[in-house]
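Only the coordinates and a few stated rules stand behind these numbers; no lab work does. As the structure is a prediction and not an experimental result, all values here were calculated from the model. Heads up, the Cβs are rebuilt from the backbone with ideal geometry, glycines too, and the neighbour counts pull from every protein chain shown.
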Amino acid sequence: MYYSNIQIALQEVPGEISICFSICGCKLHCKGCHSPTLWKEKNGVPLTLETYKHTLNKYKGFASCVLFMGGEWHEPQLVNYLHYARKLDYKTCLYTGEDRVSTNILRELTWIKTGKWISELGGLDTLSTNQKFTHVQSNALLNHLFIKNH
Ligand code: SF4
């Protein structure tokens, strides 16, 4: 698994401070993609277990959620990494362009954003979007949290 960057994200998971790992190797190639640099796996550097654990420990007590932007194409590693985050009491989220992911991945997630980027339909902050932000355990659709004055 190769990552492009690690950032603190305040908007992507409402109400949470997230450690956001942007993973390279996305095969969906959406038209108008915000980060085409994520398309080529080797544009990133390996996300080693050491780097991952170090990052999660560094932000413990400050960040509340671990967010992966992609990475579902490395299922066993993603499942292990999410599991480790949960052991440290982080909530977890995956942003994927797919409409669904495996049960193994879902089991480790608090929230999931599904659906590819279609510019005419807009993102989570529009009513017309094809994308869905869901609380996994309850299967509740939470897109309203992204709409201003909801
Ligand atoms: S899923 Fe996201 S990263 Fe992948 S091509 Fe679409 S917009 Fe870009």
Separation in nanometres of the label points that stand 7 Å from Cα toward Cβ, at Leu28 and Ile147: 2.1
With θ set to phi - 60°, apply the Karplus curve 6.51 cos²θ - 1.76 cosθ + 1.60 along the stretch 18-34 and write out the HN-Hα couplings as whole Hz, x wherever there is a Gly or Pro. 10, 8, 10, 9, 8, 9, 8, x, 5, 9, 6, 6, 4, 5, x, 3, 5
Treating cross-link reach as a plain straight distance, find the lysines whose alpha-carbon is under 27 Å from the alpha-carbon of Lys132, omitting any fewer than eight places away in the same chain. Lys27, Lys31, Lys40, Lys87, Lys91, Lys113, Lys116, Lys148
Scalar couplings 3J(HN,Hα) for the stretch 49-54 by Karplus 6.51 cos²θ - 1.76 cosθ + 1.60 (θ = phi - 60°), nearest whole Hz, x for Gly and Pro, are 4, 4, 4, 4, 5, 4
Counting each DSSP H run of 4 or more residues in the chain as -39500 (n - 2.57), what helix-only mean residue ellipticity at 222 nm follows after dividing by all residues, to the nearest 500 deg cm²/dmol? -5000 deg cm²/dmol
Positive-end residue of Thr55, Gln77, Gly44, charge dipole of the stretch 1-80 with Cβ unit charges: Gly44
Separation of the stretch 19-49 and the stretch 58-116 by C-alpha centroid, Å? 15
So what J values fall out for the stretch 134-146 if you push phi through Karplus, 6.51 cos²θ - 1.76 cosθ + 1.60 with θ = phi - 60°, rounded to Hz, Gly and Pro as x? 10, 7, 5, 4, 8, 6, 7, 7, 10, 4, 4, 5, 9
In whole percent, the Cα-Cα distances of the chain spread across 5 Å bins from 0 upward as 2, 10, 19, 23, 22, 15, 7, 2, 0
Assigned charges on the beta-carbon of Lys, Arg, Asp, Glu; the chain dipole about Cα centre (debye): 140
With DSSP loop assignment and no more than 11 other C-beta atoms within 10 Å, the GluC sites (Glu not before Pro) in the stretch 82-150 are Glu120
Dividing the mean separation of Cα pairs under 8 Å (6+ apart) by the residue count of the chain yields a relative contact order in percent of 18
List every residue whose amide H lies under 5 Å from the amide H of Tyr2, counting only residues 5 or more places away in sequence or on a different chain, with H placed 1.01 Å from N in the peptide plane. Cys24, Leu47
Dipole-positive endmost among Gly122, Ile17, Ile147 within the chain (Cβ charges, Cα centre): Ile17
